[in-house]
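Undergrad: This structure is in structure tokens; I'll ask about it shortly.
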Amino acid sequence: MKTPSSSSLFAACIATIAIFVVAFSARPARAPAERDRLRDGPIDARRLERIEALGRLLLPDGGRLEISTERMKVYTRYETVEHRYTVTCRDPQSGRTVYMNWDVDREMLRSVSQTKPQSGAVRKELGRRELVSLAGQWLRVVGIAAQAASWRLDEASKSGSRAWFIQWRAADRIATVMIDDQTGDLIWAQTYLRPHS
């Protein structure tokens, strides 16, 4: 009868200890909460539908949209972390692109912008009243207006050769819109929470 060598006994002993360590230290995996999946996992179908719908509003003549997303953490000046998705919707036919930034924690669109806005027929320069009205319409179209109960006009001024900057204020946030003053096209819109007083 052949006896096992000390090196093979040592290897078997180490393997047995390793199995025990793995077996007894493993914790049952918890099912991640919905917020954990949104922060750490792939984008969910409901949010993807909202993204595609907004992309279609701004790229109405496009064919199949190419949508890409990227998760990121934003560190605020209040030393908190916000979880965001940056989204790119591209229409390969026209080459136009829409960019979005979604706040996962608050379930809200933070910003939207586009390259080569849909160019309507160039008409005479729109007046201040028309541009303020269009800015309000754009905030409703992209869903930013629904983030607060009421908004009031804060500022409206010419910005550059063909654009107007229009700012709205609500109790807890500010929304800004940049519009082409000859076509009424949205260049960008964004919202942010006001600092606590």
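The values are calculated or read from the model by the stated rules, or taken from the named source; none is laboratory data. None of the values given here were measured: they were computed from a predicted structure. FYI the Cβ positions are ideal-geometry reconstructions off the backbone, even for glycines, and counts take in every protein chain you see.
Undergrad: Take the conditions under 19 Å from Val177 (Cβ atoms) and either among the β-branched types (Val, Ile, Thr) or in a strand (DSSP E or B) (or both) and apply them to Leu57. Does it pass?
TA: no
Condition check ((1) without any contact (Cβ under 8 Å) to a residue 40 or more places away in the chain; (2) assigned by TED's automatic domain parsing to the domain that holds Leu58; (3) not aromatic (Phe, Trp, Tyr)) across all residues:
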| site | (1), (2), (3) |
| --- | --- |
| Cys89 | yes, yes, yes |
| Val98 | no, yes, yes |
| Asp103 | yes, yes, yes |
| Arg106 | yes, yes, yes |
| Arg110 | no, yes, yes |
| Arg129 | yes, no, yes |
| Ser133 | yes, no, yes |
| Arg140 | yes, no, yes |
| Trp151 | yes, no, no |
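Undergrad: Let me ask another. Is it true that Val81 is at pLDDT 85 or above, touching a helix residue (DSSP H, G or I) at 6+ places or on another chain (Cβ under 8 Å) and β-branched (Val, Ile, Thr)?
TA: no
Undergrad: Let me ask something else about it. Would you confirm whether or not the range 146-168 contains a residue that is of a type in the set (D, E, K, R) and within 25 Å of Arg50 (Cα to Cα)?
TA: To start, the set of residues in the range 146-168 that are of a type in the set (D, E, K, R) comprises 152, 154-155, 158, 162.
With within 25 Å of Arg50 (Cα to Cα) added as a condition, the list becomes none.
No, because not a single residue in the range 146-168 is of a type in the set (D, E, K, R) and within 25 Å of Arg50 (Cα to Cα).
Undergrad: Something else about it: Mind counting the residues in the range 58-74 that are surrounded by 16 or more Cβ atoms within 10 Å (Cβ to Cβ) and either acidic (Asp, Glu) or more than 13 Å from Trp102 (Cβ to Cβ) (or both)?
TA: Result for the range 58-74: 4.
Undergrad: Check the range 77-92 and report whether any residue there is loosely packed, with under 14 Cβ neighbours inside 10 Å and in a strand (DSSP E or B).
TA: yes
Undergrad: If a residue must be touching a Lys or Arg at 6+ places or on another chain (Cβ under 8 Å), surrounded by fewer than 16 Cβ atoms within 10 Å (Cβ to Cβ) and not in a helix (DSSP H, G or I), how many such residues does the range 126-152 contain?
TA: Final tally of qualifying residues: 1.
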